[in-house]
């Protein structure tokens, strides 16, 4: 079903009756919307959302009659078939409606997973786009951060010999509330950052600490733990630095970065102190 | 959806409806029952939140589109600003949507949020802060979907009205033009 490309734009040259007829034909043709292949996303996909929120994540649907403005989009002509692109993010998705319209759920899942991987690479590993945070994490999603926070909580909880539930709850609450508060901190300092983008970023920057916690769980030597935690701590801070610092006034850089570093230090202490 | 079957008699998309309800019910059921049988908070947390997140994804991406023809997402435009986008079907398709489907969609959405609030009240009464954490996360996900879809529906109505008034204006002007050209 790729009739979306036959649907004309709302051109003023076309008479209204023709337009309405075309739309009716289009929706009639695609009205028998196929029931989705009934395959729930197998890996814990997790999306707004992305909101996530997000998404969360994803090239916007179709449609031909879309104007490149920030006005909410014009109603789509064909009913989007199942499994279509998971929303969120992905400004680049405008270009190829026919491909995303008919994709099954599994494709959506794969696309979302690949988005998580690409976001991770952008944030945590060196790459040329790091200096331009607006572009770097354009396709923010909250699924990666969710995975990482839960994983960190689970690892810490596993390493703890007593009070496992409290450790998990504390770790999760600390990381989630910490991300929100750090974002608010930047906003209150007069910085220009988008709330969910920043949450997403701080979540992805937890990846090095996740790796560190995993290593610490496997090797119980104190010295190894301290070294590993220090290395991963600096890696996390390095990952978060360009995004946070470019969001605020240069004179307030330290004020924005210091709490981030503090949070990572406290998580590092949690990792070392757990026995 | 078939045009041959009179709408309102059966669910038009039974499998989608099933999945729409499945994860919500599973999250609620697991949370309620596990407190009785499982002693490990971590497992309860992870499984419940996982089911709630799966439900969020399914509702946002699959059942929202199929059952009510609505879709919402967030984009960051070239200027670096965050823009909320809403998308909906045309009026003819909207009118042709199965009433039972959309009834199920909206009611389960609202009822789930209410159920989480009630469970949250129970946790608060018992002073169980860690269970409140689970409730908080699940409630956030439910409310996010509710807000997103409600805004999307309002936006769809606005679009339809705009489209209708535009069409009428165009018809009127073209009628006047043809009237003048005849004269």
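What the table below lists for this structure:
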| read-out | value |
| --- | --- |
| First in the stretch A:255-274 and over 15 Å from residue A:153 (Cβ atoms), second anywhere and outside any helix (DSSP H, G or I) and at pLDDT below 90, Cβ under 7 Å, 6 or more apart | A:255/A:189; A:256/A:189; A:256/A:191; A:256/A:248 |
| Filtered residues of the stretch B:155-183 (kept if loosely packed, with under 13 Cβ neighbours inside 10 Å, part of a helix (DSSP H, G or I) and over 35 Å from the mean Cα position of the chain (by Cα)) | B:172, B:173, B:175, B:176, B:177, B:178, B:179, B:180, B:181, B:182 |
| Tally of residues being at the interface with another protein chain (Cβ under 7 Å from one of its Cβ atoms) and under 23 Å from residue B:16 (Cβ atoms) across the stretch B:37-69 | 12 |
| Selected residue [away from every other protein chain (no Cβ under 14 Å) and either within 22 Å of residue A:113 (Cα to Cα) or modelled with pLDDT of 90 or more (or both)] from A:201, A:206 | A:206 |
| Checklist (1) assigned to a helix (DSSP H, G or I); (2) at the interface with chain A (Cβ under 10 Å from one of its Cβ atoms); (3) over 30 Å from residue B:41 (Cβ atoms) applied to residue B:72, failing item | (1) |
| Matching residues in the stretch A:183-192 - criterion: being surrounded by fewer than 22 Cβ atoms within 10 Å (Cβ to Cβ) and either within 20 Å of residue A:262 (Cα to Cα) or in contact with a strand residue (DSSP E or B) (Cβ under 6 Å, 6 or more places away or on another chain) (or both) | A:184, A:185, A:187, A:188, A:189, A:191 |
| All positions within the stretch A:142-174 that are crowded, with 24+ Cβ neighbours inside 10 Å, closer than 15 Å to residue A:199 by Cβ, more than 10 Å from chain B (Cβ to nearest Cβ) and at pLDDT 90 or above | A:145 |
| Index of the failed condition, residue B:25 passing every other in (1) under 30 Å from residue A:162 (Cβ atoms); (2) at pLDDT 85 or above | (1) |
| Residue in the stretch B:129-137 that is within 14 Å of chain A (Cβ to nearest Cβ) and touching a strand residue (DSSP E or B) at 6+ places or on another chain (Cβ under 8 Å) present | no |
| Members of the stretch B:76-89 found to be surrounded by fewer than 24 Cβ atoms within 10 Å (Cβ to Cβ) and facing chain A (nearest Cβ under 7 Å), listed by number | B:76, B:77, B:80, B:82, B:83, B:85, B:86 |
| Lone unmet requirement of (1) at pLDDT 90 or above; (2) surrounded by 15 or more Cβ atoms within 10 Å (Cβ to Cβ) for residue A:239 | (1) |
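The values are calculated or read from the model by the stated rules, or taken from the named source; none is laboratory data. Here the structure is a predicted model, which is why all the values come from computation and not from measurement. Don't worry about glycine lacking a Cβ; one is built from the backbone with ideal geometry, like all the others, and counts go over all protein chains shown.
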